[in-house]
Amino acid sequence: MSDIDLREAVMAKALELQVMGETAPRYARDQVNQPMINNWVEAMGDSLSRYTQGEAPPAMAQVWTMGGLNPQRDPNDPLHSMMEFLTEQGFTAVLGTNCEQTYERYLRVGEQLSVTTVLDSVVGPKMTGVGEGYFVTTKSVWRVEDEVVATMLFRVLKYRPKQADANAVDPTKVLRPAINRDTEFFWEGTRQGELRLQQCGSCHELRHPPGPACPSCGEFDRTFVVSSGVGRLFSFVVHRYPAVPGKQLPLLLGLIELDEGVRMVAELVGMGPEDVEIDMPVQVAWQRIDDSLTLPVFERRS
Amino acid sequence: MQIGDTFAAWELPITPTLVVSTAIATRDFQDVHHDRDLATSYGSKDIFLNILTTTGLVERYVTDVLGEEYDVTGISVRLGAPAYPYDTLTFSGDVVAATETTMEIKVVGQVSLGAHVTATVGVRVR
């Protein structure tokens, strides 16, 4: 069904229910009575003395005619019929949005209430924060015999829940680096916002990625310096497939030549594949995943 | 009281007992108001206050302040964020209209997620 046909079908159903008018009166299970008032007052913590002297709280009006634990559905109930119709059209979720009650007078113990309901309006489709849907408003009238004692406009949003974004990624699912005695200084640095480069304690050569021995002089004496985090893009790849845990595709992977002279592989952020240029100036930024992991990423430096 | 007068705030801790006891006292047996397992299976964080209770608490807040001098003639509520257990529902009220015999009070009930309820309560001298 097209959107226009769907809207027409919804409005036709609404009109059909509106012309049926008020439902037949449905009677409260019990007369207005003190024990139920006491239960309500106790639960709400309300302490007005008038509620112990034969008067019922106005906000209880609807309580008297609630369907109870096993409600009998009136097949002509317009709210129920409209809800069912919208559910069949895919508007499966419901949310109460407004309830406007008026009280003509306070009810007294011993009075017998009845309620009628009419479909007031169906408005939509509207795009809302929770999804697209229709606002369905019913009007209920409570009577003692023929005297109107309370009214209610009740509005619900009957909506199609927004689809969870199928492309949404959970960044905490990212592949974890192997952290060992050779590399832990590096990841300790990223947690603190420092880009640390391993340096040979003997010949002072810088190297990345970290390792146990100096590839230049073979010494095991390891120390580090903190990089400026500034460099240029030496090369890059655009990874489009397959999916990478915790990463949105396409994923831009850069080989960055830092001003200190070592190269480092890291994600390029804040740009699309068309924005990437070899030799563009870049600087480090931090992508905090959780308490234990912060990844260095690079963005364009202006 | 006159236009511009404000009501003292009322902080109500929401407990599972409050949610369940008020749901049953208002004869609302929908599972989302008493069965946490089912409520979470529908995507809700927990059980939550039902609308009849929200209306009842708004009424209580206003009559706690005004006492028995006034009748409540109407309550309009606009519903917002759900009121879950372990949150606090904080009511505030402002007189927004007044005549010799009537007043309109705007009531806001705030939870940590935002406004749970924005209401207008009409009252009339008895």
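Brief remarks on what is shown
- Extreme residue, nearest to A:Asp77 (Cα to Cα), among residues of segment A:25-45 that are touching a residue at least 24 places away in the same chain (Cβ under 8 Å) and among the charged types (D, E, K, R): A:Arg26
- Of the candidates B:Thr63, B:Thr99, the single residue that is of a type in the set (Val, Ile, Thr), without any contact (Cβ under 8 Å) to a residue 24 or more places away in the chain and more than 23 Å from B:Ile14 (Cα to Cα) is B:Thr99.
- Within segment B:31-45, the set of residues being within 20 Å of the chain's Cα centre (by Cα) and either under 18 Å from A:Met60 (Cβ atoms) or of a type in the set (Phe, Trp, Tyr) (or both) comprises just one member, B:His33.
- Filtering segment A:1-24 to residues that are under 21 Å from A:Tyr103 (Cα atoms) and either assigned to a helix (DSSP H, G or I) or without any contact (Cβ under 8 Å) to a residue 12 or more places away in the chain (or both) leaves nothing.
- Flag for A:Gly131 being closer than 22 Å to A:Ile4 by Cα, among the small types (Gly, Ala, Ser) and within 14 Å of another protein chain (Cβ to nearest Cβ): yes
- From the list B:Leu89, B:Leu52, B:Leu57, the one residue that fits, being touching a Leu at 6+ places or on another chain (Cβ under 9 Å), within 25 Å of A:Arg155 (Cβ to Cβ) and either within 8 Å of another protein chain (Cβ to nearest Cβ) or not hydrophobic (A, V, I, L, M, F, W, C) (or both), is B:Leu57.
- B:Gly114 loosely packed, with under 15 Cβ neighbours inside 10 Å and facing another protein chain (nearest Cβ under 9 Å): no
- Considering each residue of segment A:32-40 in turn, at least one proves to be facing another protein chain (nearest Cβ under 10 Å) and within 13 Å of B:Arg60 (Cα to Cα).
- In segment A:46-62, the residues that are within 34 Å of the chain's Cα centre (by Cα), at the interface with another protein chain (Cβ under 7 Å from one of its Cβ atoms) and either within 15 Å of A:Gln112 (Cα to Cα) or surrounded by fewer than 19 Cβ atoms within 10 Å (Cβ to Cβ) (or both): A:Gln62
- Every residue from segment A:81-102 that is over 25 Å from the mean Cα position of the chain (by Cα) and either more than 22 Å from B:Thr73 (Cβ to Cβ) or in contact (Cβ under 8 Å) with a residue 60 or more places away in the chain (or both): A:Ser81, A:Met82, A:Glu84, A:Phe85
- When segment A:63-78 is filtered for residues that are assigned to a helix (DSSP H, G or I) and under 33 Å from the mean Cα position of the chain (by Cα), the ones remaining, listed by number, are A:Val63, A:Pro78.
- Where a residue in segment B:14-31 is within 7 Å of chain A (Cβ to nearest Cβ) and its partner, wherever it lies, is outside any helix (DSSP H, G or I) and hydrophobic (A, V, I, L, M, F, W, C), with Cβ under 6 Å and at least six apart: B:Arg27/A:Met66; B:Phe29/A:Leu69
- Looking at segment A:150-245, the strands (runs of 3 or more DSSP E) lying wholly inside it that each contain 2 or more residues that are surrounded by fewer than 15 Cβ atoms within 10 Å (Cβ to Cβ) sit at A:222-226, A:230-239.
- Failed criterion for B:Ile75 (all others in (1) in contact with a helix residue (DSSP H, G or I) (Cβ under 7 Å, 6 or more places away or on another chain); (2) more than 10 Å from chain A (Cβ to nearest Cβ) hold): (2)
- So A:Thr137, is it surrounded by fewer than 22 Cβ atoms within 10 Å (Cβ to Cβ), touching a Lys or Arg at 6+ places or on another chain (Cβ under 7 Å), at pLDDT below 95 and within 14 Å of chain B (Cβ to nearest Cβ): no
- Considered as a group, the residues in segment B:60-72 that are of a type in the set (Ser, Thr, Tyr) and under 13 Å from the mean Cα position of the chain (by Cα) include one that is nearest to the other protein chains (Cβ to nearest Cβ), and that residue is B:Thr63.
- Scope segment A:63-82; condition more than 7 Å from every other protein chain (Cβ to nearest Cβ), surrounded by fewer than 16 Cβ atoms within 10 Å (Cβ to Cβ) and over 28 Å from A:Leu15 (Cα atoms); matching residues: A:Asn70
- Per-region count, segment A:279-296, residues in contact (Cβ under 8 Å) with a residue 12 or more places away in the chain, part of a strand (DSSP E or B) and among the charged types (D, E, K, R): 1
- Search result, residues across segment A:99-121 that are surrounded by fewer than 17 Cβ atoms within 10 Å (Cβ to Cβ), in a strand (DSSP E or B) and within 14 Å of chain B (Cβ to nearest Cβ): A:Arg108
The values are calculated or read from the model by the stated rules, or taken from the named source; none is laboratory data. Computed from a predicted structure; not experimentally measured. As a convention, Cβ positions derive from the backbone with ideal geometry for all residues, glycine included, and neighbour counts pool all protein chains shown.
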